[in-house]
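Working notes, beginning with the structure itself.
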Amino acid sequence: MGSPLLLLECLKEKLSHAEMEMNKTQIPDLRLWRLLGMAGLIGAIMVGIGEFMVHFSPEGMEGEDFALFGPVSDRNLTIGHFLMVSFLPLYVFGYLHLYQGFRPGGKKLAAAVFVFGVFSFMVGGIWVGSRAFIGSLQHLLDTPETVEIWKEVAARYFFFLENLVQALRVLILALSVCFIAVVIRGGTIYPRWYAACAPIIPLVLIFTCYILVPSIGKYLLPAAMNVAHVIVFALSLITGTKRLRSLEKAS
């Protein structure tokens, strides 16, 4: 009776050892992983500054026909636009950084987070690249003489470009589900509580803050997606660096 049990225990031990060895090959190089993470963090900060410049209005983000752009100066629209489009590509490096951190816990889920992340910021890039333009048109056309033309332009913009926000939300939700699943499952370089940093969670908190405490939320909402990713990349660097250094010492 003892022999089959002993054989089973030996088999479990060998499988566990093989899994540990396989996971070791998936552990990212600390220096490269940190460089990718810093690139993503810089991208989130700079795109966030640009989006804040384009979107911030003291009255908040409500209003018909893009009235939020009324108080935004042409200077802010111009600087904000070029900051956004210049630094947005750095998000790809940020998601490659996350992929490397998630990979030891499951290649498929890690790859899903990366793919959904890249698709999200392709769609988001089209949208943010159009914001300064529609803001400039609002300044030019939202006048008594051309108000009817402006309403038609605004309606067409909403159909072709503003609807991309809905696609972006679906992608971020799918990304966040995979993010939470791979972290909770274990085996990544992150503690399990890092699952609470999945982008959808800070986004919900920012929108909740805007509703409940608008005097604070109005400063977070204009660049909500970027604020969420500053949290994602910053905490990834902090927690992941600690874990990777401890693994280096152990080896």
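The values are calculated or read from the model by the stated rules, or taken from the named source; none is laboratory data. This is a predicted model, so every value here is computed, not measured. Note: ideal-geometry Cβ built from the backbone for every residue, glycine included; neighbour counts use all protein chains shown.
Step by step: first the residues of region 89-122, then only those that are among the β-branched types (Val, Ile, Thr) and closer than 17 Å to Val170 by Cβ, then the one that is surrounded by the most Cβ atoms within 10 Å (Cβ to Cβ). Which residue is that?
Per the criteria, the residue is Val113.
Taking into account only those residues within region 78-113 that are of a type in the set (A, V, I, L, M) and touching a residue at least 60 places away in the same chain (Cβ under 8 Å), which is nearest to Ala39 (Cα to Cα)?
Looking at the filtered set, the residue picked out is Leu96.
Criterion first (over 17 Å from Met84 (Cβ atoms), out of contact with any Phe, Trp or Tyr (no Cβ under 7 Å at 6 or more places or on another chain) and either at pLDDT 75 or above or of a type in the set (Ser, Thr, Tyr) (or both)) does Leu36 satisfy it?
Considered against the rule, which asks whether it is over 17 Å from Met84 (Cβ atoms), out of contact with any Phe, Trp or Tyr (no Cβ under 7 Å at 6 or more places or on another chain) and either at pLDDT 75 or above or of a type in the set (Ser, Thr, Tyr) (or both), Leu36 comes out as no.
Restricting attention to region 177-190, and to residues there that are surrounded by fewer than 22 Cβ atoms within 10 Å (Cβ to Cβ) and within 16 Å of the chain's Cα centre (by Cα), which single residue is farthest from Ile238 (Cα to Cα)?
Among those that are surrounded by fewer than 22 Cβ atoms within 10 Å (Cβ to Cβ) and within 16 Å of the chain's Cα centre (by Cα), it is Val177.
Of these, Glu51, Glu59, which one is closer than 20 Å to Asn226 by Cβ and either part of a loop (DSSP other than H, G, I, E, B) or in contact with a helix residue (DSSP H, G or I) (Cβ under 9 Å, 6 or more places away or on another chain) (or both)?
Glu51
Scan region 38-53 residue by residue and report those that are of a type in the set (Gly, Ala, Ser), over 13 Å from Ala132 (Cβ atoms) and over 12 Å from the mean Cα position of the chain (by Cα).
Ala39
Could you list, in sequence order, all residues of region 62-79 that are among the acidic types (Asp, Glu) and assigned to a helix (DSSP H, G or I)?
Those that are among the acidic types (Asp, Glu) and assigned to a helix (DSSP H, G or I): Glu64, Asp65, Asp74.
Among Ile189, Ile211, which is the only one that is of a type in the set (Val, Ile, Thr) and in a helix (DSSP H, G or I)?
Ile211
Which fully enclosed helices (runs of 4 or more DSSP H) of region 80-162 have 1 or more residues being closer than 20 Å to Met53 by Cα?
Qualifying helices (runs of 4 or more DSSP H): 90-102, 107-141.
Could you say whether any residue in region 93-102 is farther than 21 Å from Ala234 by Cα and either within 21 Å of the chain's Cα centre (by Cα) or not basic (Lys, Arg) (or both)?
no
Say whether the condition of being crowded, with 18+ Cβ neighbours inside 10 Å and of a type in the set (Gly, Ala, Ser) is met by at least one residue in region 147-159.
Within region 147-159, one or more residues are crowded, with 18+ Cβ neighbours inside 10 Å and of a type in the set (Gly, Ala, Ser).
Return yes or no: is Leu237 within 24 Å of Tyr99 (Cβ to Cβ), at pLDDT 95 or above and surrounded by 14 or more Cβ atoms within 10 Å (Cβ to Cβ)?
Criteria met by Leu237.
Only one of these is at pLDDT 95 or above and touching a Phe, Trp or Tyr at 6+ places or on another chain (Cβ under 8 Å): Leu171, Leu141, Leu161. Name it.
Leu171
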